[in-house]
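Single-structure report; data block below.
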Amino acid sequence: MIRTTRSALAVAAASALVLTACGNDEETTNGNGANGAEGAEAQSLVLYSGRNEELIQPLIDQFQDETGIDVEVRFGETAELAAQLLEEGEDTPADVFLAQDAGALGAVAQEGMFADLDQDLLDRVPELYRDDADTWVGVSGRLRTLIYNTDLVDESELPNTVEDLTGPEFEGRVGIAPTNASFQAFVTAFRVAEGEDAAQDWLEQMTENDPQYREGNGPIVSEVLDGALEMGLVNHYYLYAQAEERGVDPEDLPAANHLFGDGDVGALMNVAGAGILNEDSAAAVELLEYFLSEEGQQYFVEETSEYAMVDGLDAPAGLPDLDELDVPDIDLNQLDDLETTIQMITEAGMAG
């Protein structure tokens with residue numbers, strides 16, 4: 001039985017605060033959803049994708065060409081699609097949910113909407129990057145880093161922990177994007193790892209330290225590269241996107257990603273991941289297996305410079321391999337409470 005609880009309301013409220021509508025509310029059915037499933041014979045599926053069309057459609061096209069399975073995709077913001085799934089409940093037409101972050105997967109998992117995954121599929125991904133109840137799995141990873149301009153900042157000046165950024169030596173020097181979903185996920189992880197009071201203290205101390213507010217990670221990275229900012233809290237892959245845009249290798253840029261060590265929450269690895277909503281859909285299982293195949297994983301590495309979630313593929317240039325990372329041990333399901341995080345950021349006086 002699917003239940004509408006406070007978890008559903010929290011996701012919906014968070015969606016209303018930070019996201020815009022996905023656009024098309026027209027109902028989609030393919031006879032392959034929770035009601036009227038055709039079982040293992042089905043050769044089509046409905047995918048709710050919180051990853052944007054430009055990124056994920058080429059991979060979906062490859063899957064369709066290789067398997068002959070038709071995939072109908074409904075694109076939207078991750079939190080909004082999670083809220084929609086919770087509202088639709090067992091009547092959802094969706095067979096698979098592909099989310100941009102683990103928090104949304106956790107919200108859906110808590111309502112019992114995902115089917116259990118086979119152990120051989122789960123075993124492809126380290127335990128830290130999948131649901132401990134075996135209902136969803138990470139398909140690519142994004143590492144939080146401190147990007148810095150190598151001409152303006154000496155390596156000896158870099159902080160050991162993200163909490164060190166509240167020190168007077170970093171006053172006015174650090175770019176942050178408080179309205180950005182990845183920053184909000186990091187703050188939520190801070191709450192989980194260190195407690196509500198510690199997270200609120202960090203937010204307030206950072207606010208007092210005159211951070212440089214930007215709309216998103218992209219502007220922070222661009223300004224660090226151009227010398228307008230010394231450093232900023234971002235995801236690792238933005239440096240690689242800028243290198244591609246500028247037609248150079250990442251190591252030739254006047255910037256580098258600094259990693260926090262010793263399991264510091266500043267080194268959070270958040271994942272894009274997926275779960276199966278229709279346990280009778282063999283096509284849904286095949287799609288998830290494709291995401292975790294060598295071909296699917298290589299796509300994420302090459303196209304977005306994200307971390308692969310399976311062994312045997314190289315990390316982005318200049319970064320440790322997945323099994324060498326010193327990331328915080330956090331249950332990624334617990335990153336679903338975005339509403340409280342947004343309230344805390346607002347109460348701390350951070351501006352976007």
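The values are calculated or read from the model by the stated rules, or taken from the named source; none is laboratory data. All values derive from a computational prediction rather than experimental measurement. Quick reminder, even Gly has a Cβ in these numbers, built from the backbone with ideal geometry, and neighbours come from all protein chains shown.
Points worth noting:
- Residues that are touching a residue at least 60 places away in the same chain (Cβ under 8 Å), part of a strand (DSSP E or B) and in the same structural domain as residue 312 (by TED's automatic domain parsing) do not occur anywhere in the range 108-129.
- Positions within the range 100-130 being under 14 Å from residue 276 (Cα atoms) and touching a Lys or Arg at 6+ places or on another chain (Cβ under 8 Å), in sequence order: 111, 112, 122
- In the range 93-113, the residues that are modelled with pLDDT of 95 or more, surrounded by 24 or more Cβ atoms within 10 Å (Cβ to Cβ) and not aliphatic (A, V, I, L, M): 95, 97
- Every pair of residues 6+ apart whose Cβ atoms lie under 8 Å, when the first sits in the range 284-307 and is at positive phi while the second is assigned to a loop (DSSP other than H, G, I, E, B): 305/236; 305/237; 305/316
- Residue count for the range 98-127, restricted to those that are of a type outside the set (Asp, Glu) and within 21 Å of residue 233 (Cβ to Cβ): 3.
- Of the candidates 92, 78, 67, the single residue that is in contact (Cβ under 8 Å) with a residue 12 or more places away in the chain, hydroxyl-bearing (Ser, Thr, Tyr) and either within 25 Å of residue 144 (Cβ to Cβ) or outside the structural domain of residue 309 (by TED's automatic domain parsing) (or both) is 78.
- Qualifying residue in the range 199-210 (condition: in contact with a Lys or Arg (Cβ under 9 Å, 6 or more places away or on another chain), surrounded by fewer than 15 Cβ atoms within 10 Å (Cβ to Cβ) and in contact (Cβ under 8 Å) with a residue 24 or more places away in the chain): yes
- Qualifying position, being at pLDDT 95 or above, surrounded by 14 or more Cβ atoms within 10 Å (Cβ to Cβ) and within 23 Å of the chain's Cα centre (by Cα), among 19, 86: 86
- In the range 313-352, the qualifying residues are those that are among the hydrophobic types (A, V, I, L, M, F, W, C) and in a helix (DSSP H, G or I), and the one that is surrounded by the fewest Cβ atoms within 10 Å (Cβ to Cβ) is 342.
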